[in-house]
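FYI, it's all coordinate maths here, none of it is from the lab. Keep in mind it's a predicted model, so treat the numbers as computed, not measured. Cβ: placed from backbone, ideal geometry, glycine included. Neighbour counts: every protein chain shown.
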Amino acid sequence: MPEIKSKFLLSRNNVDFSELLAVDGGNPTIRMVVSAEVKMVLEGTFLQNPQMNFIQDHLKPVFYIDGKGYQVGEYIVTDAVLNTVDGTRKELEITAYDLTYLAKQSKIEDRLLIKAGTLYTDAIRAQIVDSGILNFIVVPNTATFATDREDWEPGTSRLQIINDLLSEINYNSLWMDLSGTVRGTPYQQPLAENITIEYRNDQYSILYPDDSSTTDIFDKPNVFIAVVENPDLPENLRAEAVNDDPTVPYSTVNRGRIAQYEKLDNIASQAELQAYVDNLKFKSLMSTQEIEFSTAANPVHSAFDIIGFYKDDLTGIYEETEWSFPFTPGQAMTHRARRAIFE
């Protein structure tokens, strides 16, 4: 059996200076939900550390397997309940969110103006910087604003603005990787070349034996329409993608038209609008099967992972949608994923 240990480092101004010690039964756990606005949250109970400053300090959990350390993100403490146990021991029940929380917490104070011709990625980077996030990467993109934009009222969170802009160039919503770097990345289709993690049911497997799956194809759409009606644009934009493949049981050929209609506030261009509906169609072509499975703790999962899963009739490519990572030795890591094998 591998030797398992963990540390919860305290970091101030990017310098690790101390740590929090988890109490017995404190169950420190990180959960990731890819659809959440802030995707990763750390919860657990720890001994109070008098050196800790809740305003300035970040938590950096590190998981060790046979002496090799894996950082599992960087977190901002948002809630801390102090309890006295046995009359003397001070314990903290902590909830901490990943660094994108800084952008959720940061609000614009005046109506935001973005000038026509500005690169989307420049506008996104500006909002990330104004949120106080220092360590970030936004993948370059040549899309620019077609018109001046003043869409967001004072009091709007910078995270909402960032995610609005990311969606208009077909990027994932903002997320943090395991090193604590905040990222803006293009959507990647769940194809074999994009697999980031593999699980195989063989002699080296860390898969647990139990799993479950569900399937639902009721009223699955096969026509995807998106429009942008904006008086600031020279003309309204419309794009359509149709699943008319006779080999697909829920295509228009086999079931008639079942439309999904979306009205967007804005988009970078007609090409991005077409890419948007094409991605909707691509996702619809995936199986509606979702699986839940467990593994030994594996500290390499972040958000938007594409998983190669090789186990009997569940073998396929999956988009991971949720996971829960326990720092307590012997506890299973749980996963939820959506199958990406075409029907």
> Can you list the aspartates and glutamates whose alpha carbon sits under 17 Å from that of Lys115, skipping same-chain ones fewer than 8 residues off?
Replying inline: Asp148, Glu150, Asp151, Glu153, Asp164, Glu168, Asp232, Asp265
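So what's region 103-173 giving for Rg/Rh, alpha carbon basis, Kirkwood Rh from the mean inverse pair distance?
Working: Rg = 11.3 Å, Rh = 12.2 Å.
For region 103-173, the value is 0.93.
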> What is the spin-label model distance, in nm, from Val15 to Gln56 if the labels are put 7 Å beyond Cα along the C-beta direction?
Replying inline: 1.0
>> How tilted is helix 158-168 with respect to the longest principal axis of the chain? Cα atoms for both, answer in degrees (0 to 90, nearest 10).
In response: 40
> Hey, in the GNM for the chain with a 10 angstrom Cα cutoff, which one of Thr29, Thr315, Thr142 fluctuates hardest?
Replying inline: Thr142
>> 7 Å from Cα along Cα→Cβ at both Arg31 and Thr118: what's the point-to-point distance in nm?
In response: 3.6
> In debye to the nearest 20, how big a dipole does the chain give about its Cα centre with +1 on each Lys and Arg Cβ and -1 on each Asp and Glu Cβ?
Replying inline: 420
> Among Ile169, Ile258, Ile161, whose mean-square fluctuation peaks in a Gaussian network model of the chain (Cα, cutoff 10 Å)?
Replying inline: Ile258
> Helix 270-285 sits at what angle to the longest principal axis of the chain, using alpha carbons and giving 0 to 90 degrees rounded to 10?
Replying inline: 70
>> For Ser173, Ser131, which order do you get if you count the other beta carbons within 10 Å of each Cβ and list the fewest first?
In response: Ser173, Ser131
>> Taking amide H atoms as placed 1.01 Å from N in the peptide plane, list the residues 5 or more away in sequence, or in a different chain, whose amide H sits under 5 Å from that of Ser18.
In response: Leu10
>> If you take P(r) over Cα pairs in 10 Å bins from 0, in percent from the coordinates, which of [x] 5, 24, 30, 21, 12, 5, 2, 1, 0; [y] 6, 27, 35, 23, 7, 1, 0; [z] 5, 21, 28, 25, 15, 5, 1, 0 do you get?
In response: [z]
> Share of antiparallel DSSP beta bridges in region 222-333, in percent to the nearest 5?
Replying inline: 65
> Hey, fewest Cβ within 10 Å first, where do Val182, Val138 land in order?
Replying inline: Val138, Val182
>> Whole angstrom only: what separates the Cα centroid of region 1-74 from the Cα centroid of region 167-193?
In response: 23
>> Along the charge dipole of region 51-149, pointing to its positive end and built from +1/-1 on Cβ of Lys, Arg, Asp and Glu, which listed residue (Pro61, Thr95, Leu119) has its Cα farthest out?
In response: Leu119
> By the gyration tensor of its Cα atoms, with a ≥ b ≥ c the square roots of the eigenvalues, what is the shape of region 155-269: rounded for a/c under 1.5, prolate for a/b over b/c, or oblate?
Replying inline: oblate
>> Give me Asp313, Asp202, Asp211, Asp148 sorted ascending by neighbouring Cβ count inside 10 Å, so fewest comes first.
In response: Asp313, Asp202, Asp148, Asp211
> In Å and whole numbers, how far do the C-alpha atoms of region 30-188 stretch along each principal axis, longest first?
Replying inline: 64, 39, 25
> If you add up the charges near Tyr208, with Lys and Arg at +1 and Asp and Glu at -1, over every other residue whose beta carbon is less than 13 angstrom from its beta carbon, what do you get?
Replying inline: -2
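Write down the percent of antiparallel bridges among all DSSP beta bridges whose residues are both part of the chain, to the nearest 5. Kindly include the intermediate steps, with their values, before the conclusion.
Numbers: 80 of 93 bridges.
Among the beta bridges of the chain, antiparallel pairing accounts for roughly 85 percent.
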> Hey, which lysines would be in cross-link range of Lys220, C-alpha to C-alpha under 17 Å, not counting anything within fewer than 8 residues on its own chain?
Replying inline: Lys281, Lys283
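Tell me the volume per residue, in Å³, of the convex hull enclosing the alpha carbons of region 256-305.
Given the Cα convex hull of region 256-305, per-residue volume reads 150 Å³.
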> Over region 223-285, with a single point scatterer placed on each C-alpha, what log10 of the ratio I(q)/I(0) does the Debye formula yield at q = 0.26, 0.29 1/Å?
Replying inline: -1.02, -1.18
>> Nothing charged except the Cβ atoms of Lys and Arg (+1) and of Asp and Glu (-1): what's the magnitude of the dipole of region 4-97 about its Cα centre? Round to the nearest 20 debye.
In response: 220
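Based on the Cα coordinates of region 4-97, what is the per residue volume of their convex hull in Å³? Please list the in-between numbers first.
Values: hull volume 10.5 nm³, N = 94.
Measuring per residue, one finds 111 Å³ for the Cα hull of region 4-97.
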>> From the gyration tensor of the Cα coordinates in region 24-78, what semi-axes in whole Å does the equivalent ellipsoid have, largest first, with each one equal to sqrt(5λ)?
In response: 19, 18, 12
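Working out 0.36 nm times the residue gap between Tyr204 and Asn49, then minus their Cα-Cα distance, what length gain in nm do you get to one decimal? Walk me through the intermediate numbers first.
Numbers: separation 155, 0.36 × 155 = 55.80 nm, distance 3.99 nm.
Result for the pair: 51.8 nm of gain on full extension.
How high is the FRET efficiency between Ile258 and Arg238 when r is their beta carbon distance and R₀ equals 30 Å, given to the nearest 0.05? List each step's numbers first, then the result.
Numbers: r = 19 Å, r/R0 = 0.62.
Approximately 0.95, to the nearest 0.05.
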